[in-house]
1. Suppose we filter LYS81, LYS130 for residues that are of a type in the set (Lys, Arg) and within 30 Å of THR156 (Cβ to Cβ); which single one remains?
2. Of the residues that sit in the range 116-161 and are in a loop (DSSP other than H, G, I, E, B) and of a type in the set (S, T, N, Q), which one is modelled with the lowest pLDDT?
3. Working only within the range 199-258, note down all residues that are over 19 Å from ALA149 (Cα atoms) and among the β-branched types (Val, Ile, Thr).
4. What are the residue pairs meeting all of these: first residue in the range 87-115, first residue at pLDDT below 95, second residue part of a helix (DSSP H, G or I), Cβ atoms under 6 Å, and 6 or more apart or on different chains?
5. Taking ILE229, is it surrounded by 24 or more Cβ atoms within 10 Å (Cβ to Cβ), modelled with pLDDT under 95 and not in a strand (DSSP E or B)?
6. VAL248 versus (1) under 28 Å from THR156 (Cβ atoms); (2) in contact with a strand residue (DSSP E or B) (Cβ under 7 Å, 6 or more places away or on another chain): which is the lone unmet condition?
7. Identify, please: which residue in the range 65-117 is among the basic types (Lys, Arg) and closer than 14 Å to THR28 by Cβ and is, among those, surrounded by the most Cβ atoms within 10 Å (Cβ to Cβ)?
8. Taking the range 201-226 on its own, how many of its residues are of a type in the set (Val, Ile, Thr), over 29 Å from ASN69 (Cβ atoms) and not in a helix (DSSP H, G or I)?
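The values are calculated or read from the model by the stated rules, or taken from the named source; none is laboratory data. Keep in mind that this is a model prediction, so the values were computed, not measured. Here the Cβ positions follow ideal geometry from the backbone for every residue, glycine too, while neighbour counts run over all protein chains shown.
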Amino acid sequence: MSRIKKAFENKKAFIPFITCGDPDIETTESIVNEVIKAGADLIELGIPFSDPTAEGPVIQAANVRALKNGITTDKIFELTKRLREDTEIPLVYMTYANVVYSYGSERFIGKCSEIGIDGIILPDLPFEEKDEFSDICKEKGVDLISLIAPTSRQRTAMIAREAEGFIYLVSSLGVTGQRDRIDTDLSPIIKTIKENTDIPCAVGFGISDPTQAAGMAALSDGAITGSAIIRIIEEYGREAPAHVGAFVKSMADAVHSA
């Protein structure tokens, strides 16, 4: 059984997102270790990019801070290698197609496989163009994780049928960021997904407190939180790991009880 499949086995999964290198690589490593202890089931590691089109201002700012501080893809690979020595938790990279292209697609995905990355999420990659990466991913045993949005409509079933790892269901239109409430009726989208695949489906974008996380997990197979975590890191800097751990514990507990 794959690590991703195991993360969703017999429970709902809580998935935190962390921008690597914000404020520095050592703090990122400490934060990851804290969220593992706090009950995270799968972790999204963000590889910073200069033009993160899917991200709201909070994660955009984290990308800028990390890049200013000298983060590189190779440093993130080294971090991942260290993390994988001590944990079997599923790890996925979230980044942009240009990051993979510029590194060399085969080289990048091969490195992911070598260091124990379970999947990659490329929010700017149209489903119709995924073949540029999917063959290499299949060859290397790295899941190319699909996003489904409220605007996917008739494409939802098609995307679901070809999904790998888990499906990232975008809760709302727009970019990432905390929202007071999520008004999108996700039930029919999730119904279509479930009719077309056994792959688990987790909801992200705008989930910022335990009540929202539990609500989204009750509808789906899990919840994803990014901006609320990045705000804590922005506020506390190198002192953030314990604060992030406490927040993630509250979110994971809520999701696991859904």
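1. The match here is LYS130.
2. Looking at residues that are in a loop (DSSP other than H, G, I, E, B) and of a type in the set (S, T, N, Q), I get GLN154.
3. Residues satisfying the conditions are THR211, ILE229, ILE230, ILE232, ILE233, VAL244, VAL248, VAL255.
4. No pair meets every condition.
5. When the stated conditions are applied, ILE229 does not pass them.
6. (1)
7. Ranking the qualifying residues of the range 65-117, first place goes to ARG65.
8. Initially, the range 201-226 is screened for residues of a type in the set (Val, Ile, Thr), giving 203, 207, 211, 224-225.
Those left that are additionally over 29 Å from ASN69 (Cβ atoms): 203, 211.
After this cut, where a residue has to be not in a helix (DSSP H, G or I) as well, the list is 203.
Within the range 201-226, residues that are of a type in the set (Val, Ile, Thr), over 29 Å from ASN69 (Cβ atoms) and not in a helix (DSSP H, G or I) number 1.
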